[in-house]
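The values are calculated or read from the model by the stated rules, or taken from the named source; none is laboratory data. All values reported here derive from a predicted model rather than from experimental measurement. FYI the Cβ positions are ideal-geometry reconstructions off the backbone, even for glycines, and counts take in every protein chain you see.
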Number of protein chains: 2
Amino acid sequence: MIKTEQAIYTVIENGNITSPSGFQAGGAPIGIRKHNKLDLGWVYSEVPASAAGVYTLNAFRAAPLLVTEESILEDGKLQGLLVNSGIANACTGKEGLVNAYTMRQAFAEQVGISVKHAAIASTGLIGVQLPMDKVMTGIQAIETDGEADDFAQAILTTDTCTKQLAVSVEIDGIPITIGGAAKGSGMIHPNMATMLAFVTTDAVIPADVLQQQLKTTTDQSYNMITVDGDTSTNDMVLVLANGKAGNKELNPKHPEWKKFCAAFQYVSQELAKKIARDGEGATKLVEIRVQQAQSAEEARKIGKSVVASSLVKAAVYGADPNWGRIITAAGYSGATFSPDKISVWLGDVLVVQEGTPVSFDEVEASENLKQDTVVITIDLQEGNAEATAWGCDLSYDYVKINASYRT
Amino acid sequence: MIKTEQAIYTVIENGNITSPSGFQAGGAPIGIRKHNKLDLGWVYSEVPASAAGVYTLNAFRAAPLLVTEESILEDGKLQGLLVNSGIANACTGKEGLVNAYTMRQAFAEQVGISVKHAAIASTGLIGVQLPMDKVMTGIQAIETDGEADDFAQAILTTDTCTKQLAVSVEIDGIPITIGGAAKGSGMIHPNMATMLAFVTTDAVIPADVLQQQLKTTTDQSYNMITVDGDTSTNDMVLVLANGKAGNKELNPKHPEWKKFCAAFQYVSQELAKKIARDGEGATKLVEIRVQQAQSAEEARKIGKSVVASSLVKAAVYGADPNWGRIITAAGYSGATFSPDKISVWLGDVLVVQEGTPVSFDEVEASENLKQDTVVITIDLQEGNAEATAWGCDLSYDYVKINASYRT
């Protein structure tokens, strides 16, 4: 166990989506992706769990999102979820929707849960129908007793690594665990949701409270990352809370509510950062910290604008301390602030003070841009609000990956 | 002369910013850019001209924009304009503003015009002070009798070619000429204005009418291009009308007003397209035509969203007919439309019909994406409005150029 943040919560070594009590997960190769890669994953809870979801705001919502939302709206519970990678089942018309319903039904039957407690998700190529023969054969081979690592593998597309973790937090003197797995590498610019992320917990918490907290947390985690400014059709975050820990019901009036929220936010932000760091072609994680803004919303606008700028991203790739691009991106963010009060640091090197360039050590600044995690701080001197956004640099490999992703 | 569009106007062969009567222009190398490149340009009108300008909406407006706007607000007239490339004089604090005023004053004195009739512009690196000794020496060597080609050269930065043209249109039986020159290659995502563009005409037209028409035209030309989604601090379009043609004063009640507007729009759109085609690292011009939208604004949103998508741009670079990215970008544009009514063509190849994928000839579609100008058409079946947006593909060279622009 690694102690963090004054031991509010502890990070579990090699933690994953099955670290919370009563969850199982697995994955298998069913032939949608090439080279026998794992491409079907599932999560199963021993009992129906309180569930919450947030979905993409793209006008084209993929079929699985419609079906999953329908499940959650039934009674706020989920007991299992099925994910395929390789094909997104997005922009696939009525046939795609029928396929999504068929997947949900077959999965529910296979693992013995109510259809309304089954969720599905897909990620991959848009506009192509799922090979339903392979999907159905895959579903019929599912055994709930699998490996969480296989699940984390099975949900990936252009990702280069799995993204999973778990933390433990003590509530009512009882250890509660929160685990999660996510995928995402390209078409990352979440709006109210993100690429696929799945979080499990054994906490006792009602679905409506969980839903409210998921929205709040999403704005400070998944919604603060960008890889390429493209908001996907398949973005979705699902949270399942199966109550196995046996704590008193969590809600904002519970004396340890903030502890739970902090742990939940940590898991969400870490998953979001793992997605940003593994952005297509990325060589670095870029973290934009906006301080002393008028409001959190203004701070978020600036952070996302800077981290999304192709020019800033290319400069970070080249370790070029070209701060002009940073304040230009802040300037077109739509946020309100005084240009003559802004200060900017590249790592710990001050480059702009109250709107005026300062002379700085170019070599030191460039070194700071060569780090594995590049931190850029923007201070507005306008108020007390702050926000952090995460993204990655823009490399030749981003172009390479995306000039030939499909063909 | 090339006849176009039912001879409403004619394109002048090798036309430029001095094609209209009474305008002169020139350029010289003064040592701001490397390799003795031209980096100081000027335009001079024999008489004070009605003037109109639109400027960036970036919160950080460069000093020259403030000074130029001040000039135009004096009495709606300009007689000369001075441009330097290499350094943008943006985010340069009080010193930068003083330098901008000094440039305007020295230029006005050198060419013998009123200070209030002088405009200045700068483009290049942000956050660096101008070498005022070189600038002043350069200004003191200006002779108004120069070459328009030198002006078109002197305003460039990472551009690979000059961008200029002129058209002639008959008003009141008199030939009126409109000429223009522009620059722009990176940090191109104009908002209410664009990178630098300068248009001259010998038409008689009052400043307020010109200003109104410039705004309208800008929304259908400069504001419809994007290279990288970054809105510059220095975007500016200036129009000078010196009245040398001697037509009856142009305004919306003039019987041939629409003819003038068509010619003016043609010049503006051509300059905008030249900028898009010469986008940093671009190998192709990408044109997004949005048809049958509810409103022109909705059509523009979709066009700009698609043409700005890094994933669409990379797919065009790789000639990959990955239309899923196109409708995804339409989907997150914020425009209102029914996903099940959208149709998409790559060149003349239909790939999506009323929201459903259709089988198409992959080779033919890929061929269409290999053209010098790639046309993508999106039909919404929602109304009668339309819009066209222009951009370019995303290549390795964009990353190369921007990873090391400054150092």
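Hey, could you check the range B:386-407 for residues that are aliphatic (A, V, I, L, M) and crowded, with 20+ Cβ neighbours inside 10 Å and say which is farthest from the other protein chains (Cβ to nearest Cβ)?
Start the filter on the range B:386-407 by keeping residues that are aliphatic (A, V, I, L, M), which leaves B:387, B:389, B:394, B:399, B:401, B:403.
Right, trim to crowded, with 20+ Cβ neighbours inside 10 Å and you get B:387, B:389, B:394, B:399, B:403.
On the way: B:A387: 17, B:A389: 16, B:L394: 6, B:V399: 5, B:A403: 3 Å.
The qualifying residue farthest from the other protein chains (Cβ to nearest Cβ) is B:A387.
Examine the range A:317-328 for a residue that is outside any loop (DSSP other than H, G, I, E, B), at pLDDT 95 or above and hydroxyl-bearing (S, T, Y), and state whether such a residue exists.
The initial filter retains those residues of the range A:317-328 that are outside any loop (DSSP other than H, G, I, E, B), namely A:317, A:323-328.
Remaining after also requiring at pLDDT 95 or above: none.
Checked the range A:317-328: no residue is outside any loop (DSSP other than H, G, I, E, B), at pLDDT 95 or above and hydroxyl-bearing (S, T, Y).
Look through A:V316, A:V312, A:V307, A:V290 and report the one residue that is more than 11 Å from every other protein chain (Cβ to nearest Cβ), closer than 25 Å to B:T158 by Cα and crowded, with 24+ Cβ neighbours inside 10 Å.
Values: A:V316 fails: more than 11 Å from every other protein chain (Cβ to nearest Cβ); A:V312 fails: more than 11 Å from every other protein chain (Cβ to nearest Cβ); A:V290 fails: closer than 25 Å to B:T158 by Cα.
Unique residue meeting the criteria: A:V307.
For the condition in contact with a Lys or Arg (Cβ under 9 Å, 6 or more places away or on another chain), buried (at least 24 other Cβ atoms within 10 Å of the Cβ) and modelled with pLDDT of 95 or more, what is the one hit in A:A118, A:A90? Lay out the reasoning, then the answer.
On the way: A:A90 fails: modelled with pLDDT of 95 or more.
Just a single option satisfies the conditions, and that option is A:A118.
Looking at (1) farther than 14 Å from B:I178 by Cα; (2) in a loop (DSSP other than H, G, I, E, B), which is the one condition that is false for B:V237?
So the condition that B:V237 fails would be (2).
Could you say which residue among A:A241, A:A182, A:A166, A:A197 is at pLDDT below 85 and away from every other protein chain (no Cβ under 14 Å)? Give the derivation first.
Values: A:A241 fails: at pLDDT below 85; A:A182 fails: at pLDDT below 85; A:A166 fails: at pLDDT below 85.
Of A:A241, A:A182, A:A166, A:A197, the one residue that is at pLDDT below 85 and away from every other protein chain (no Cβ under 14 Å) is A:A197.
Got a number for residues in the range A:33-49 being part of a strand (DSSP E or B) and either surrounded by fewer than 24 Cβ atoms within 10 Å (Cβ to Cβ) or not polar (S, T, N, Q) (or both)? Outline the logic, then answer.
Step one: filter the range A:33-49 for residues part of a strand (DSSP E or B), giving A:40-49.
Restricting the remaining residues to those that are either surrounded by fewer than 24 Cβ atoms within 10 Å (Cβ to Cβ) or not polar (S, T, N, Q) (or both) gives A:40-44, A:46-49.
Number satisfying all stated conditions: 9.
Being surrounded by fewer than 23 Cβ atoms within 10 Å (Cβ to Cβ) and either closer than 16 Å to A:G86 by Cβ or of a type in the set (D, E, K, R) (or both) is the filter here, so list the residues in the range A:143-152 that pass it. Talk me through it step by step, then tell me what you get.
Applying the first criterion (surrounded by fewer than 23 Cβ atoms within 10 Å (Cβ to Cβ)) to the range A:143-152 yields A:143-147, A:149-150.
A:E143, A:D145, A:E147, A:D149, A:D150, listed by residue number.
Hey, could you check the range A:386-407 for residues that are part of a strand (DSSP E or B) and not hydrophobic (A, V, I, L, M, F, W, C) and say which is nearest to A:V286 (Cα to Cα)? Can you show your working first?
Taking the range A:386-407 as the starting set, the residues that turn out to be part of a strand (DSSP E or B) are A:386-392.
Retained after the next criterion (residues that are not hydrophobic (A, V, I, L, M, F, W, C)): A:386, A:388, A:391.
Values: A:E386: 17, A:T388: 10, A:G391: 5 Å.
Only one residue tops the list, namely A:G391.
Give the range A:338-351 a look and list any residue that's under 15 Å from A:V290 (Cα atoms) and either within 7 Å of chain B (Cβ to nearest Cβ) or in a helix (DSSP H, G or I) (or both), or say none.
A:P339, A:K341
Take B:L65 and decide whether it is buried (at least 24 other Cβ atoms within 10 Å of the Cβ), touching a residue at least 12 places away in the same chain (Cβ under 8 Å), away from chain A (no Cβ under 14 Å) and under 20 Å from the mean Cα position of the chain (by Cα). Before you say what the answer is, go through the steps one by one.
Details: buried (at least 24 other Cβ atoms within 10 Å of the Cβ): yes; touching a residue at least 12 places away in the same chain (Cβ under 8 Å): yes; away from chain A (no Cβ under 14 Å): no; under 20 Å from the mean Cα position of the chain (by Cα): yes.
Spelling it out, it is not the case that B:L65 is buried (at least 24 other Cβ atoms within 10 Å of the Cβ), touching a residue at least 12 places away in the same chain (Cβ under 8 Å), away from chain A (no Cβ under 14 Å) and under 20 Å from the mean Cα position of the chain (by Cα).
Filter the range A:352-385 down to the residues that are assigned to a loop (DSSP other than H, G, I, E, B) and closer than 20 Å to B:V128 by Cβ, then identify the one that is farthest from the other protein chains (Cβ to nearest Cβ). It would help to see each step written out before you state the result.
Step one: list which residues in the range A:352-385 are assigned to a loop (DSSP other than H, G, I, E, B), which gives A:354-355, A:358-361, A:369-372, A:380-384.
Next, only the ones that are closer than 20 Å to B:V128 by Cβ stay: A:354-355, A:358-361, A:369.
Numbers: A:E354: 9, A:G355: 6, A:V358: 10, A:S359: 11, A:F360: 11, A:D361: 13, A:L369: 11 Å.
Taking the candidates together, the pick is A:D361.
State yes or no: is B:N58 under 30 Å from B:G243 (Cα atoms) and either assigned to a strand (DSSP E or B) or within 14 Å of another protein chain (Cβ to nearest Cβ) (or both)? Walk me through how you get there before you give the answer.
Values: under 30 Å from B:G243 (Cα atoms): no; either assigned to a strand (DSSP E or B) or within 14 Å of another protein chain (Cβ to nearest Cβ) (or both): yes.
The answer is no for B:N58.
When the residues of the range B:72-82 are narrowed to those that are out of contact with any Gly (no Cβ under 9 Å at 6 or more places or on another chain) and part of a helix (DSSP H, G or I), which ends up farthest from the other protein chains (Cβ to nearest Cβ)?
B:D75
What are the residues in the range B:319-337 that are of a type in the set (V, I, T) and either at the interface with chain A (Cβ under 7 Å from one of its Cβ atoms) or crowded, with 24+ Cβ neighbours inside 10 Å (or both), if any? Please lay out each step first, then the result.
Step one: filter the range B:319-337 for residues of a type in the set (V, I, T), giving B:326-328, B:336.
Across the range B:319-337, the qualifying residues are B:I326, B:I327, B:T328.
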